[in-house]
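Chemist: One structure, pasted below without further comment.
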Amino acid sequence: MTSFVRNQWYVAAYGREVGRELFSRTVCGEPILLWRTESGAVTAMSDRCVHRRFPLSQEPSHLDGDKVVCGYHGFTYGADGVCVNVPGQKRVPRTARLTSYPVVEQDSFVWVWIGERDRADEKLIPRAPWLDDPGFAVVSGMEPLAARYDLLVDNLLDLSHETYLHGGYIGTPEVAETPITTEADDAAAVVRVSRHMDDAACPSFYADSTGIKGRITRWQDIEYHAPCLYLLHSRIAPVGTPPPDADGSDPDAFHVEVVYAITPETESTTHDFWAVARDFALEDQKVSAFMHDNNRTVVLQDVVALDVLEKAITAERDGYQELSINIDTGGLAARRILKRLAEEGAATGEPAL
Ligand code: FES
Ligand SMILES: [Fe+2]
């Protein structure tokens, strides 16, 4: 089974999910209570009361201003997790405090640090700026996955499966046929996988959203920041469109930034956050609805497949062997990096010694 990579930032929620209601989500096996103070800051603390472990997200627990009151016997905690009131006595035990988690709201996500508190460094959080940029229109969601998170990492680093699992949506024959280039930066814990198709069929996901008729140049440039953030820079343009200028400007192409935050919930379940940001048809609600529904369908195709795969490999009593080929290079690099991070508990971005 998976061992969690600790001392890392993980996406616990979208900012829009957290408000003045008590909200709970489990990350790396730890139930975390999220809520906003009256001034709007997100706080993250253990979702288990120190008294008898009652979940603080469970009614009748509630917020009283900037305090959480346990619904079982009334232990009351401040926004820093420190207990300020217990029933029936004046003295609050010194050890009555909830674990509180470093938390940062950035790029529409709520990130929490799992591991040793004093190692939490905001600068280590990988960025997905398109998700909070008026120059892009964004659709997003989260699907629960009944599979270990490694399976989703494997899935996303090898997009040749689009041809088979997502045929008719985002898959065309050229995806599986076109070779990839892979680059792993072990020290920074980043894997890059690129596939550039010069002359490919345009799948309905892009034909219907961009209005392109006919064949396209389609680039898929993946950047996986282990363990949690996956970016797919997707460039779509009619065949014959000039390549981007040296300064990066690329006015004749369409750009879609696909973002996944891959957050382990337990050893065998995962929060599959997905978002699609586009730089065209910004105000077109029909395009937004289409991309949302179509991408969710594609994500659910993966979810169904990975749920089945999790059951299949769990049932292999005597262990199992795999057979890897060229398309697996990125996934294997990611596995190697995740194994190292799990073993050394190193913070992403710190050079390996
Ligand atoms: S379990 Fe919370 S006050 Fe008793
Ligand atoms: Fe997929």
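Throughout, read-outs are computed from the coordinates displayed, never taken from laboratory work. Here the structure is a predicted model, which is why all the values come from computation and not from measurement. As a convention, Cβ positions derive from the backbone with ideal geometry for all residues, glycine included, and neighbour counts pool all protein chains shown.
Chemist: When only DSSP loop residues count, what trypsin sites (Lys or Arg not before Pro) in region 221-330 have their Cβ near at most 16 other Cβ atoms within 10 Å?
Modeler: Loop-located and lightly packed - Arg317.
Chemist: Charges on Cβ only, +1 for Lys and Arg, -1 for Asp and Glu, centred on the Cα centroid of the chain; of His292, Leu33, Ala281, which one is farthest towards the dipole's positive end?
Modeler: Checked the options; the winner is Leu33.
Chemist: Could you state the angle between the C-alpha long axis of helix 329-344 and the longest principal axis of the C-alpha atoms of the chain, as a value from 0 to 90 degrees rounded to the nearest 10?
Modeler: For helix 329-344, the angle is close to 20 degrees.
Chemist: Hey, got a sec? Which GluC sites (Glu not before Pro) in region 234-329 land in a DSSP loop and have at most 10 other Cβ atoms within 10 Å?
Modeler: Sparse-neighbourhood loop GluC sites (Glu not before Pro): Glu283, Glu316, Glu322.
Chemist: Could you list which residues have their amide H under 5 Å from that of Val110, counting only those 5 or more apart in sequence or on another chain, with H placed in the peptide plane?
Modeler: When sequence neighbours closer than 5 places are left aside, the close amide H contacts are Ala12, Ala13, Tyr14, Gly15.
Chemist: Rounded to two decimals, what is Rg over Rh for region 8-123 when you use alpha-carbon atoms and the Kirkwood radius?
Modeler: With Rh from the inverse mean 1/r over Cα pairs, Rg/Rh is 0.96.
Chemist: Can you pull the three principal axis extents for the Cα set of region 94-252, in Å, largest first?
Modeler: Principal extents (largest minus smallest coordinate, Cα): 69, 35, 31 Å.
Chemist: About the Cα centre of region 91-205, how large is the charge dipole given +1 on each Lys and Arg Cβ and -1 on each Asp and Glu Cβ? Please answer in debye to the nearest 20.
Modeler: Here region 91-205 has a charge dipole of around 980 debye.
Chemist: Sticking with this one: Kindly state, to the nearest 0.05, the FRET efficiency for Ala246 paired with Asp199, given R0 = 30 Å and r defined as their beta-carbon distance.
Modeler: After rounding to 0.05, the efficiency reads 0.80.
Chemist: What's the ranking of 17-23, 139-145 by average number of surrounding C-beta atoms within 10 Å, highest first?
Modeler: My ranking of the peptides, most packed first, is 139-145, 17-23.
Chemist: Separate question: If I model a spin label as a point 7 Å beyond the Cα along the Cα-Cβ vector, how far apart are those points for Ala315 and Asp293 in nm?
Modeler: That separation, rounded to one decimal, is 3.5 nm.
Chemist: Across bins of 20 angstrom width beginning at 0, how are the C-alpha pair distances of the chain distributed, in whole percent?
Modeler: For the chain, the pair-distance distribution reads 28, 53, 18, 1.
Chemist: Test of understanding: what is the full-extension gain from Arg127 to Val84, defined as 0.36 nm times their sequence separation minus their Cα-Cα distance?
Modeler: Working it through step by step, the gained length comes to 11.8 nm.
Chemist: Continuing with this model, one more query. Any idea what the dipole of the chain comes to, in debye rounded to 20, about its Cα centre with Lys/Arg Cβ at +1 and Asp/Glu Cβ at -1?
Modeler: Taking the Cα centre of the chain as origin, the dipole is about 1620 debye.
Chemist: Another question, if that's okay. On a full-extension model of 0.36 nm per residue, what is the gain between Val104 and Thr37, subtracting their alpha-carbon distance, rounded to one decimal in nm?
Modeler: 22.7 nm
Chemist: May I ask you to compute the full-extension gain from Glu344 to Glu116, defined as 0.36 nm times their residue separation minus their alpha-carbon distance, rounded to one decimal in nm?
Modeler: Working it through step by step, the gained length comes to 80.8 nm.
Chemist: Once the Cα gyration tensor of region 207-353 is found, what semi-axes does its equivalent ellipsoid get, as square roots of 5 times the eigenvalues, in whole Å, sorted largest first?
Modeler: For region 207-353, the ellipsoid semi-axes come out as 33, 21, 16 Å.
Chemist: Measure nothing fancy, just the Cα-based angle from helix 285-314's long axis to the longest principal axis of the chain, in degrees from 0 to 90, nearest 10.
Modeler: Once rounded, the angle reads 80 degrees.
Chemist: Nearest 5 percent is fine: what portion of the DSSP beta bridges confined to the chain is antiparallel?
Modeler: 100
Chemist: For region 93-175, take N as its residue count and report Rg(C-alpha) divided by 2.2 N^0.38 Å.
Modeler: 1.58
Chemist: Taking θ as phi - 60°, what are the ³J(HN,Hα) couplings along region 139-144 by the Karplus curve (6.51, -1.76, 1.60), each to the nearest whole Hz, with x for Gly and Pro?
Modeler: 10, 7, x, 9, 10, x
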